[in-house]
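Report on one structure; see the data block that follows.
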Protein chains: 4
Amino acid sequence: MSPVEVRLRVIYGDTDQMGVVYYANYFRYFELSRSEYFRARGGSYVDVEKRGLMLPVVDASCSYRAPARYDDVLVVKAEVTRMKRASIEFSYEVRKDQDPAILCTGKTLHACINREGRPTALPEDIVKLLS
Amino acid sequence: MSPVEVRLRVIYGDTDQMGVVYYANYFRYFELSRSEYFRARGGSYVDVEKRGLMLPVVDASCSYRAPARYDDVLVVKAEVTRMKRASIEFSYEVRKDQDPAILCTGKTLHACINREGRPTALPEDIVKLLS
Amino acid sequence: MSPVEVRLRVIYGDTDQMGVVYYANYFRYFELSRSEYFRARGGSYVDVEKRGLMLPVVDASCSYRAPARYDDVLVVKAEVTRMKRASIEFSYEVRKDQDPAILCTGKTLHACINREGRPTALPEDIVKLLS
Amino acid sequence: MSPVEVRLRVIYGDTDQMGVVYYANYFRYFELSRSEYFRARGGSYVDVEKRGLMLPVVDASCSYRAPARYDDVLVVKAEVTRMKRASIEFSYEVRKDQDPAILCTGKTLHACINREGRPTALPEDIVKLLS
């Protein structure tokens with residue numbers, strides 16, 4: 001399961017008065033890279049929803065090592081690091097373009113639920129898509 | 001149609017690296033005061049949606065005179081300044097608590113549409129509620 | 001170290017197309033309750049910064065049990081659950097007003113650093129303030 | 001002064017429970033395209049700040065014609081539509097990739113101020129850069 005990378009530019013609206021990216025915004029970056037992960041494999045999270053399934057986040061975490069700043073081009077790497085019958089774990093790494101130093105790492109755990117909100121086994125084609 | 005005021009505390013996440021509230025976030029504050037406007041009159045925007053109607057923003061503007069900063073308590077005043085058959089205009093003023101100086105003013109124009117997205121006359125009880 | 005609670009209203013801008021509060025926004029709520037924690041003890045995070053210190057987040061996590069929705073009044077509880085020489089851990093609980101069910105829980109770990117970004121012992125008065 | 005276009009992907013965090021991009025978030029998109037405008041001309045807003053100048057927004061507006069949705073690739077066009085001694089006006093258009101229909105248009109007016117917050121004439125090289 002090779003990781004997928006997405007590039008993004010830090011805007012003013014992502015920073016806070018400390019002059020760095022506000023801690024909550026990394027979770028937005030994680031989501032962007034997660035959706036690119038689906039696309040890079042020929043699918044889309046939209047397809048998941050069209051089948052009546054959702055993958056809400058049940059756990060999210062981030063460890064911040066060094067700050068990102070306004071105008072930085074960030075590279076966000078996403079990969080699936082665990083898949084169970086009805087859940088998926090994504091892991092993330094954020095660094096600056098052309099710079100190997102990791103700025104932060106994170107994880108999100110997603111449950112697979114149906115329209116009624118019940119835990120549901122991940123359909124086989126989605127398992128295949130992601131792995 | 002007397003205005004309604006709501007108080008809120010500026011968080012770090014609302015500021016940017018200039019040390020002031022990011023310009024887009026005032027539109028979030030406007031929304032907060034708008035929803036309080038409904039509630040202060042004994043209704044709720046949720047009720048509007050339960051009837052199959054929506055009031056999406058079709059025009060929004062803000063004039064910024066002085067910045068708000070981290071930890072400021074802001075007072076956001078909302079009032080209905082125009083109501084037509086199928087649209088409502090809200091106007092806003094933002095100032096700091098205990099300070100008469102206006103930090104910014106804004107307006108939002110809302111169309112009344114039904115579930116199919118068609119312009120629809122504002123129901124009489126909603127007109128009454130807001131005026 | 002008794003916890004501090006803050007109330008807030010969920011706005012449209014906090015929700016996503018699943019109809020629930022977007023996962024990253026809970027970290028904004030955590031920050032709001034964290035700053036109230038300082039104030040409820042007679043201090044302010046602004047005072048910390050005036051002394052040339054900062055408390056950036058080095059770890060953040062959230063476990064989501066049940067969703068919050070538009071127009072909900074949320075109660076966010078913050079408390080200091082650990083204090084070391086140069087770091088503080090806050091823990092959070094979010095529930096709806098008048099409802100004991102926990103919607104989510106979270107933690108943030110903060111380093112104490114000086115203007116040069118070096119880890120610095122928490123000054124005694126701040127330790128006293130928070131405990 | 002030829003316009004500059006930037007592409008971006010709508011994430012879940014940009015949408016609201018109406019299933020469309022939240023109205024305030026277009027102002028974030030405007031900022032992204034504005035900063036690309038500087039870069040496309042060989043400069044950067046960072047350079048402006050390094051010279052002790054800032055270009056805060058003093059007026060912002062947006063007209064919404066049709067909604068953008070989750071996973072849409074948006075094309076945001078920015079151009080300078082007026083330049084005075086100490087102010088610049090940017091205009092924006094947002095549409096979907098591969099679709100000529102305009103989703104929304106907007107404007108931002110920026111004052112040029114120095115570190116003391118005083119209105120200041122735009123330096124000649126910045127005028128040249130932008131025009």
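FYI, it's all coordinate maths here, none of it is from the lab. Predicted model, so just to flag it, every value in this text is computed and none were measured. Don't worry about glycine lacking a Cβ; one is built from the backbone with ideal geometry, like all the others, and counts go over all protein chains shown.
Report, for A:R39, each distance to the same residue's label point in the other copies, shortest first and in nm; define the point 7 Å along Cα→Cβ.
In nanometres, ordered from closest: 1.7, 3.7, 4.0.
Return the calculated 222 nm mean residue ellipticity for the protein assembly as shown, to the nearest 500 deg cm²/dmol, obtained by summing -39500 (n - 2.57) across DSSP H runs with n ≥ 4 and dividing by the residue count.
Calculated from helices alone, the mean residue ellipticity at 222 nm is -6500 deg cm²/dmol.
Can you tell me which of D:R34, D:R51, D:R85 moves the most in a GNM of chain D? Springs connect C-alpha atoms under 10 Å apart.
Of the options given, D:R51 has the highest mean-square fluctuation.
Would you tally the net charge around D:V73, using a Cβ to Cβ cut-off of less than 9 Å, leaving D:V73 out, and scoring K and R as +1, D and E as -1?
So the surrounding residues net to 0.
Using a label position 7 Å from Cα in the Cα→Cβ direction, what is the ascending list of nm distances from D:R115 to the same site in the other copies?
1.3, 6.1, 6.2
When Cβ neighbours within 10 Å are restricted to other protein chains, what is their mean count per residue of peptide B:54-60?
5
Taking every pair of Cα atoms in the protein assembly as shown, average 1/r, invert it to obtain the Kirkwood radius, and report Rg/Rh to two decimals.
0.95
Sorted by average packing, counted as other Cβ atoms within 10 angstrom per residue and highest first, what order do C:55-68, B:13-26 take?
The densest-packed peptide leads the list: B:13-26, C:55-68.
Mean shadow of chain A, computed from the convex hull of its alpha carbons, in nm²?
With the hull built on Cα positions only, its mean projection is 8.1 nm².
As I understand it, the value is the acute angle between the Cα axis of helix C:25-40 and the longest principal axis of the Cα atoms of chain C; what does it come to in degrees, rounded to 10?
Tilt relative to chain C: about 50 degrees.
What is the total of Lys pairs in chain A with C-alpha atoms under 16 Å apart, excluding same-chain pairs fewer than 8 positions apart?
4
By count of other Cβ within 10 Å, fewest leading, how are D:K96, C:K128 ordered?
Ranked by crowding around the Cβ, least crowded first: C:K128, D:K96.
Please list, in order along the range B:112-126, the HN-Hα scalar couplings obtained from phi with the Karplus expression 6.51 cos²θ - 1.76 cosθ + 1.60 (θ = phi - 60°), rounded to whole Hz, x for Gly and Pro.
9, 10, 9, 4, 7, x, 7, x, 9, 4, 4, x, 4, 5, 6
Taking each residue of C:26-34 in turn, how many C-beta atoms of other protein chains fall within 10 Å of its C-beta, and what is the average?
So the per-residue partner count for this stretch is 5.
Roughly how far apart, in whole Å, are the Cα centres of the range D:65-80 and the range A:30-49?
Using only Cα atoms to place each centre, the spacing works out to 20 Å.
Just counting partner chain Cβ atoms within 10 Å, what average do the residues of peptide B:5-14 show around their Cβ?
Mean inter-chain Cβ contacts per residue within 10 Å come to 6.
Enumerate the amide H contacts of B:T15 below 5 Å, restricted to partners 5 or more residues apart or on another chain; note that Pro and chain-start residues carry no placed amide H.
Amide H neighbours of B:T15, under 5 Å, 5+ apart: A:Q17, B:Y22.
Using only Cα atoms, figure out Rg for the range B:1-64 and give it as a multiple of 2.2 N^0.38 Å.
Compared with the compact-globule rule of thumb, the range B:1-64 sits at 1.33.
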